[in-house]
Amino acid sequence: MSKEKNITDQHNDTKPKSRRRMQIGISMATIAIALVIIFMPKKTATDSSASSIAPMFKKQGECTLMHRDEKPIVTIDIEIADDDSKREIGMMGRPVMEEHQGMLFVFEQEYMASFWMKNTILPLDMIFINKLGEIVTICKNTTPFSEQAYSATAMTLLVLEVNAGFIDKYGIKEGDRISWKRD
């Protein structure tokens, strides 16, 4: 009987320890949840999960892509990146862009432009355009998050970024033209 009593006593001694451990664990989890709730960024009624990641498209103008003979191919809405900070951010972090939307990068003077896809989620087609509005270089289906340089083969004043596949879908070629206007 003394053996049974010892086993029972040992069992009773461990039971309160495991209860205490469980209570401590529950208390710690409750504190952790409370801290997360307290320090969690507050959302407003106008916030959405996508807008908290990156800015959403804001129409600032229109761009028409045309054949060499200036016969229109397609017109899209554009967001305009016309200063250093806008050009630096570009399409980085944007989760979505509609088919008839694009970002037009506008530079002060022509240069041999080179872009990369670092922090860019969407595969894009890049259209490099000279000061006369002629498409001088096309880079199709760029690789998201890549630091590979996508470079113009001639002097560039504008670069239009659209969703990957846009160039092929509309049959756009080097030598075709664009015209654009701000809203």
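Give the residue, chosen from Lys140, Lys169, that is in contact (Cβ under 8 Å) with a residue 12 or more places away in the chain and of a type outside the set (A, V, I, L, M).
Details: Lys169 fails: in contact (Cβ under 8 Å) with a residue 12 or more places away in the chain.
Being in contact (Cβ under 8 Å) with a residue 12 or more places away in the chain and of a type outside the set (A, V, I, L, M) holds for just one of Lys140, Lys169, which is Lys140.
Considering only the range 110-125, state which residues are outside any strand (DSSP E or B) and either within 16 Å of Trp180 (Cα to Cα) or of a type outside the set (S, T, N, Q) (or both). Step through it out loud before you land on a result.
From the range 110-125, those outside any strand (DSSP E or B) are 112-113, 116-123; that's our starting set.
Result: Met112, Ala113, Trp116, Met117, Lys118, Ile121, Leu122, Pro123.
Checking the conditions here, which among Phe145, Phe107, Phe128 is loosely packed, with under 15 Cβ neighbours inside 10 Å and either among the aromatic types (Phe, Trp, Tyr) or not in a loop (DSSP other than H, G, I, E, B) (or both)? I'd like the intermediate steps shown before the answer.
On the way: Phe107 fails: loosely packed, with under 15 Cβ neighbours inside 10 Å; Phe128 fails: loosely packed, with under 15 Cβ neighbours inside 10 Å.
Checking each option against the conditions leaves just Phe145.
How about the range 149-183: which of its residues are assigned to a loop (DSSP other than H, G, I, E, B), farther than 11 Å from Val136 by Cα and of a type outside the set (Gly, Ala, Ser)? Don't jump to the end; show me each part of the working.
Start the filter on the range 149-183 by keeping residues that are assigned to a loop (DSSP other than H, G, I, E, B), which leaves 149, 152-155, 164-165, 171-176, 183.
From what's left, farther than 11 Å from Val136 by Cα: 149, 164-165, 171-172, 183.
Within the range 149-183, Ile172, Asp183 qualify.
Only one of (1) of a type in the set (Asp, Glu); (2) touching a strand residue (DSSP E or B) at 6+ places or on another chain (Cβ under 6 Å); (3) under 26 Å from Met56 (Cβ atoms) is not met by Glu98, so which one is it?
(2)
Every number here is computed from the coordinates shown, using simple stated rules; none is lab data. Keep in mind the model is a prediction, meaning the values are calculated, not measured. Heads up, the Cβs are rebuilt from the backbone with ideal geometry, glycines too, and the neighbour counts pull from every protein chain shown.
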